Amino acid sequence: MSLLRIEQVSHRYGKRRVLSRQAERTVLQDVSLTLEAGTCLGLLGKSGAGKSTLGRILLGLERPKAGRVLFEGRDIYGTHPKDYRQDIQVVFQDSFAAVNPKLTAGQIIAEPLTNFTRLSPEALEQRLITLIEQVGLTGADLAKYPSAFSGGQLQRVCIARAIATHPKLIVLDEAVSSLDMVNKAMILKLLRELKETYDLAYLFITHDVQAVQALSDQFMILEQGQIVGHYPTPQAFDQATDPYVSSIKDAMLATHPRKRTIRK
Ligand SMILES: Nc1ncnc2c1ncn2[C@@H]1O[C@H](COP(=O)(O)OP(=O)(O)OP(=O)(O)O)[C@@H](O)[C@H]1O
């Protein structure tokens, strides 16, 4: 059984109004995908393609107008949220907006642990130290407030919060997009290591081709709410001639001088 199956999901925003000409806006149409445990699906698409809407749908935050979201074979919209909340976590692009500035890093990471587990104060403290060290920070950082961290460091705190309850799937919604090159590379390395250690699955939502290639096992292209390309392996994606993939690959300067081509 697959970890996640999205079956013909369609979604639209706005209300059907009899006397208004304002139409409902379809943002996802017949989207289907499958994600196996321990693998990463890179979901690429331009701004407004519907990527984040799909992410919210599989987090249980936005009920689709049609279709099913099966997590371990069970439709999450026919299940009590407590049955999957612990298993599906999210890391957003803007780490500063994703945390309460009045909480310390320790309190931020402890939130899901106190919601979903019953640890003694000593066991909780120990677990927080393990988690913060796992993401490359130190026990002393647990006492710091978000304003004392850089964007890259605070994203590590958000990742520690996301892995705290041993989830099976993490939605990475542009999770490295606002980081500089060095931090981006380090966070991608961390995410790769955590994927191996915990057999984690990721839905990696992005429009960054380089980042998606560093982490993903399969790739999908979403355009105007529809899947317009599916590449089941990194090799297939690398050789893709899809006009959308080509246009974003072309737009990026190749990192290695030997791979750079001179444009006519
Ligand atoms: N709550 C909402 N109400 C109405 N329209 C919405 C809502 N959320 C998103 N939309 C619209 O749905 C479309 C898809 O948005 P979505 O955020 O899913 O796209 P995206 O691919 O994630 O874009 P981006 O890369 O810019 O974040 C957009 O046109 C957006 O304006």
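Every read-out reported here was derived from the displayed coordinates using simple, explicitly stated rules and does not represent laboratory data. Keep in mind it's a predicted model, so treat the numbers as computed, not measured. All Cβ positions, even for glycine, are placed from backbone atoms using ideal geometry, and neighbour counts span all protein chains on display.
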For F96 and S177, extending 7 Å from Cα along the Cα-Cβ vector and measuring point to point gives, in nm, a value of 1.7 nm
With x for Gly and Pro, the residue-by-residue ³J(HN,Hα) of the range 65-81, computed from phi through the Karplus equation 6.51 cos²θ - 1.76 cosθ + 1.60 at θ = phi - 60° and given in whole Hz, is 6, 8, x, 10, 10, 9, 10, 6, x, 10, 5, 5, 8, x, 10, 5, x
Counting sequence-distant residues (5 or more places) and residues on other chains, those with an amide H built under 5 Å from that of V171 are Q89, V90, V91, L203
Scalar couplings 3J(HN,Hα) for the range 26-36 by Karplus 6.51 cos²θ - 1.76 cosθ + 1.60 (θ = phi - 60°), nearest whole Hz, x for Gly and Pro, are 7, 10, 9, 9, 6, 8, 10, 7, 10, 10, 8
Per GNM of the chain with C-alpha springs under 10 angstrom, the most fluctuating residue out of Q218, Q155, Q126 is Q126
If the chain between E7 and Q224 were fully extended at 0.36 nm per residue, the gain over the current Cα-Cα distance would be 76.4 nm
Sparse-neighbourhood loop hits (GluC sites (Glu not before Pro), the range 1-105; DSSP loop; Cβ within 10 Å at most 12 others) -> E24
Row for the range 81-196, column shape: gyration tensor on C-alpha, a ≥ b ≥ c, rounded if a/c < 1.5 i.e. under 1.5, prolate if a/b over b/c, else oblate; value oblate
PRE zone check, label point 7 Å out along Cα-to-Cβ of T26, amide N under 13 Å, scope the range 195-225, hits 224-225
Beyond 24 Å, the calculated P(r) of the chain holds a percent of Cα-Cα pairs equal to 52 percent
For V27, other-chain or 5+-apart residues with amide H closer than 5 Å (H placed, Pro excluded) are H11, R12, Y13
Semi-axes of the range 159-236 from the Cα gyration tensor (sqrt of 5 times each eigenvalue, largest first, whole Å) come to 21, 15, 13
Check: C-alpha center the range 40-115 vs C-alpha center the range 159-202, spacing in Å is 14 Å
Residue span R68 to A37: 0.36 nm per residue of separation minus Cα-Cα distance leaves a gain in nm of 9.3 nm
Scalar couplings 3J(HN,Hα) for the range 52-57 by Karplus 6.51 cos²θ - 1.76 cosθ + 1.60 (θ = phi - 60°), nearest whole Hz, x for Gly and Pro, are 5, 4, 4, x, 5, 4
Set K46/K184; K65/K168; K65/K189; K46/K82, cut-off 30 Å on Cα-Cα distance; pairs above it are K65/K189; K46/K82
Taking every alpha carbon pair in the range 1-124 and sorting the distances into 10 angstrom bins from 0 up to the bin holding the longest one, the percent per bin comes out as 10, 33, 32, 19, 5, 1, 0
Counting only DSSP loop positions in the range 140-202, the trypsin sites (Lys or Arg not before Pro) whose Cβ has at most 13 other Cβ atoms within 10 Å are none
Filtered hits (aspartates and glutamates, Cα-Cα < 17 Å from K102, offset >= 8 within chain) -> D94, E111, D141
When the charge dipole of the chain is computed with +1 at the Cβ of Lys and Arg and -1 at the Cβ of Asp and Glu, the Cα pointing farthest to the positive end, of G229, Y84, P121, is that of G229
